[in-house]
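The values are calculated or read from the model by the stated rules, or taken from the named source; none is laboratory data. None of the values given here were measured: they were computed from a predicted structure. Neighbour counts are summed over all protein chains in view; Cβ atoms, including those assigned to glycine, are modelled from backbone coordinates with ideal geometry. Please note that ligands, DNA and RNA were not included when accessible areas were found on the heavy atoms of the full protein model with its side chains. Shrake-Rupley method; radii C 1.70, N 1.55, O 1.52, S 1.80 Å.
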Amino acid sequence: MVICLANSHTGKIIYDKLSLIFIEMINFVKGPEQLETDIDRWLYALKHLTEFRTRPAYLSGPEFDQLFNLVKYANLTKKGKAMYDASLKYKWDNKNVRDYEVSKGREEGLEQGREEERAKALEDKREIAREMLAEGEPLERIVKYTKLSIDEIQALD
């Protein structure tokens, strides 16, 4: 059964972005050998989930992993759920710490790279200034082209 929003007087659909589909599970009567599509397998799994002792081969695949993992979790004792939740928390805490450290290391590496680049650029400016001094260029001209201060240029001699 498909339900949509419509004007009750005219029957005209007023909003086609929302539809509700109702499935009457009692009317789904296919057996395991008749399951052809994923929707068939899902409906069968939902209808017969409480009857399974083990996971049937015809419900294998990654699309059913979460369903059966949820069933395993639901069948744990209260103590078992607490232990499982604690182990998940531990796992995610470790992942978050690792992700933070990787991010921090990346930022530190980028900053170190920037500092090295600035140091190299400064040394390049100093080398240009030395060459210009050797050619007898005036200090004002060296300052203009290297953006070094007069004191920095004079300290190169």
Turns out the helices (runs of 4 or more DSSP H) fully within region 45-150 with at least 1 residues that are under 30 Å from Met25 (Cβ atoms) are 62-74, 78-134
Checked region 1-33 for anything surrounded by fewer than 10 Cβ atoms within 10 Å (Cβ to Cβ) and hydroxyl-bearing (Ser, Thr, Tyr); matches are Ser8, Thr10, Tyr15
Residue count, region 74-95, condition open to solvent by 90 Å² or more (accessible area, probe 1.4 Å) and closer than 19 Å to Leu49 by Cβ, comes to 1
Going through region 50-60 in order, the residues found to be surrounded by fewer than 13 Cβ atoms within 10 Å (Cβ to Cβ) and touching a Leu at 6+ places or on another chain (Cβ under 9 Å) are Phe52
*asked:* Among the residues that make up region 61-73, is at least one of them surrounded by 10 or more Cβ atoms within 10 Å (Cβ to Cβ), acidic (Asp, Glu) and more than 31 Å from the chain's Cα centre (by Cα)?
replied: no
Discussion item. So, Glu36, is that one open to solvent by 60 Å² or more (accessible area, probe 1.4 Å), part of a loop (DSSP other than H, G, I, E, B) and among the charged types (D, E, K, R) or not?
Written reply: yes
